[in-house]
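Here's the structure we're looking at; comments come further down.
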Amino acid sequence: MKIYILILALGLVSSSGFSQRLTKGDDSLDKKVLAVEVAGPELLTREMVQELKLTVPQQEEVKLLNEQRYQQLLQSEQTATANDATIQKVHFQNDKALTKVLSSEQLKRFLELEGRQNAYQLTELYNH
């Protein structure tokens with residue numbers, strides 16, 4: 001009986017050690033992404049273009065909206081009024097503006113990417 005427990009323990013240790021050595025297939029992609037020096041609204045715009053498959057007119061509108069949103073967020077941080085309500089207000093205004101630019105599927109996907117899929121349920125978002 002003791003030998004079976006010992007064999008089981010050794011099997012678990014070796015399998016967990018082996019699994020620690022495995023690497024993800026997208027590690028090289030992560031390194032490439034981290035090497036790119038893009039931040040702020042430009043990074044968000046690039047991600048939206050890629051993920052949402054935006055048309056050229058949509059790309060221009062989204063770029064302007066993202067720049068405006070980042071400016072508003074920076075201003076609220078500089079004036080020390082960056083509380084949750086202010087940040088949510090900026091995001092809500094941006095989401096409302098995006099409803100005029102994006103299709104409903106694109107908007108839903110955008111909110112999922114942002115981690116705010118619950119905002120998609122808000123009826124206020126569609127009163128534009």
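What to note about this one:
- Residues of region 54-75 classified as free of Cβ contacts under 8 Å to residues at least 12 places away in the same chain and closer than 21 Å to residue 108 by Cβ, total: 2
- Looking only at region 66-97, residues that are β-branched (Val, Ile, Thr), in contact with a helix residue (DSSP H, G or I) (Cβ under 9 Å, 6 or more places away or on another chain) and surrounded by fewer than 14 Cβ atoms within 10 Å (Cβ to Cβ) come to 1 in all.
- Considered as a group, the residues in region 8-24 that are small (Gly, Ala, Ser) and under 36 Å from the mean Cα position of the chain (by Cα) include one that is modelled with the highest pLDDT, and that residue is 15.
- Unique match (being at pLDDT 85 or above, exposed (fewer than 13 other Cβ atoms within 10 Å of the Cβ) and within 18 Å of the chain's Cα centre (by Cα)) among 63, 100, 53, 32: 53
- Tabulated pairs, region 76-88, first at pLDDT 75 or above, second assigned to a loop (DSSP other than H, G, I, E, B), C-beta under 9 angstrom, 6+ apart or interchain: 76/82; 76/83
- Tabulated pairs, region 89-114, first under 22 Å from residue 74 (Cβ atoms), second assigned to a loop (DSSP other than H, G, I, E, B) and at pLDDT 85 or above, C-beta under 7 angstrom, 6+ apart or interchain: 110/102
The values are calculated or read from the model by the stated rules, or taken from the named source; none is laboratory data. Note that this is a predicted model, so its numbers are computed, not measured. Cβ atoms come from the backbone with ideal geometry, glycine included; neighbour counts cover every protein chain shown.
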